[in-house]
1. Before we move on, is R43 at pLDDT 95 or above and either assigned to a loop (DSSP other than H, G, I, E, B) or over 30 Å from P183 (Cα atoms) (or both)?
2. Give the residues of region 166-182 that are open to solvent by 20 Å² or more (accessible area, probe 1.4 Å) and within 16 Å of the ligand (Cβ to nearest atom), sorted by residue number.
3. Taking region 1-31 as the search range and keeping residues that are within 12 Å of V193 (Cβ to Cβ) and open to solvent by 10 Å² or more (accessible area, probe 1.4 Å), which one is farthest from the ligand (Cβ to nearest atom)?
4. Would you point out the residue of region 53-111, among those that are in a helix (DSSP H, G or I) and within 16 Å of the ligand (Cβ to nearest atom), that is surrounded by the most Cβ atoms within 10 Å (Cβ to Cβ)?
5. Which one is nearest to the ligand (Cβ to nearest atom), of the residues in region 112-137 that are open to solvent by 50 Å² or more (accessible area, probe 1.4 Å) and over 20 Å from F61 (Cβ atoms)?
6. Taking the condition aromatic (F, W, Y) and within 16 Å of the ligand (Cβ to nearest atom), does F163 pass?
7. Which residue out of F154, F185 is surrounded by fewer than 16 Cβ atoms within 10 Å (Cβ to Cβ), closer than 30 Å to V119 by Cα and within 16 Å of the ligand (Cβ to nearest atom)?
8. On the given criteria, is D38 open to solvent by 70 Å² or more (accessible area, probe 1.4 Å), in contact (Cβ under 8 Å) with a residue 12 or more places away in the chain, charged (D, E, K, R) and more than 16 Å from the ligand (Cβ to nearest atom)?
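The values are calculated or read from the model by the stated rules, or taken from the named source; none is laboratory data. As the structure is a computational prediction, the values presented were derived from the model and not from experiment. Ideal geometry is used to build each Cβ from the backbone, glycine not excepted, and the neighbour counts take in all protein chains shown. Ligands, DNA and RNA are stripped out before the accessible areas are found, and what is left, the full protein with its side chains, is counted by its heavy atoms. Shrake-Rupley method; radii C 1.70, N 1.55, O 1.52, S 1.80 Å.
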Amino acid sequence: MAKKTVLHLISSARENASYSKGLSSAIVEKLHSRHEIDRVIERDLTKEFPPFLDGNLIGAFYKDPRSLNEAERRLLTYADSVVKDVSDADLLVLGTPMHNFGMSALLKAWIDQLVRFGVTYVYDENWNRKGQLNGKKIYLAIASGGNLPKDCEFISGHVNAVFNAYVGTTEVHTFRVEGTAMPGFQADYQKIVEEL
Ligand SMILES: Cc1cc2nc3c(=O)[nH]c(=O)nc-3n(C[C@H](O)[C@H](O)[C@H](O)COP(=O)(O)O)c2cc1C
């Protein structure tokens, strides 16, 4: 089987106490044990925060790349590195805590750096949007303190929508470790990733 590259993103600041990191790491380990991947690019967003979008950065995002000046090119350094990481990867393993029913602010900021008109998506002559980084498979690992009714879980829908609309045709498979705040909680990652 052809070997592949996985991009593993960590977005909880709780280091080894993090359940989303535990679950995303279990996914990466399983892919390894099945010899599906031979290269892991790991990015811990808590060690190097993605910048927030400000006016200058948004300006640089929408400018014709040929007319960017040196300062604008420098502003795009982080965004360019995110695009390279995703381009280089066949699979993405995205770990996130649930914070206030949403994904972590760090993962959202990373997505805001990735999505860019003319880079990750374009429009064709009929104004149909076309993603440019196609065929990626995403494994999403979400940790939540509670066991949630599915209508309170906006993370997988959001990730699905944004990658399919603005990045490219993408399969998103979601794995959840739920109830982490319950007394005596023990995570059984092997059971959660059984169907992988
Ligand atoms: C700021 C904050 C907001 C949270 N919001 C929610 C929430 O909306 N729903 C929920 O079930 N748990 C919530 N939790 C609990 C976390 O989802 C839970 O601790 C989870 O294990 C965090 O992931 P981690 O272990 O990878 O850090 C919240 C925790 C924090 C610190």
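1. Here the answer is yes, as R43 does meet what is asked.
2. T174, R176, E178, T180, A181, M182
3. Among them, the one singled out is K30.
4. Once the filter is applied, the top-ranked residue is L107.
5. K137
6. In short, no.
7. Sole residue among the options that is surrounded by fewer than 16 Cβ atoms within 10 Å (Cβ to Cβ), closer than 30 Å to V119 by Cα and within 16 Å of the ligand (Cβ to nearest atom): F154.
8. yes
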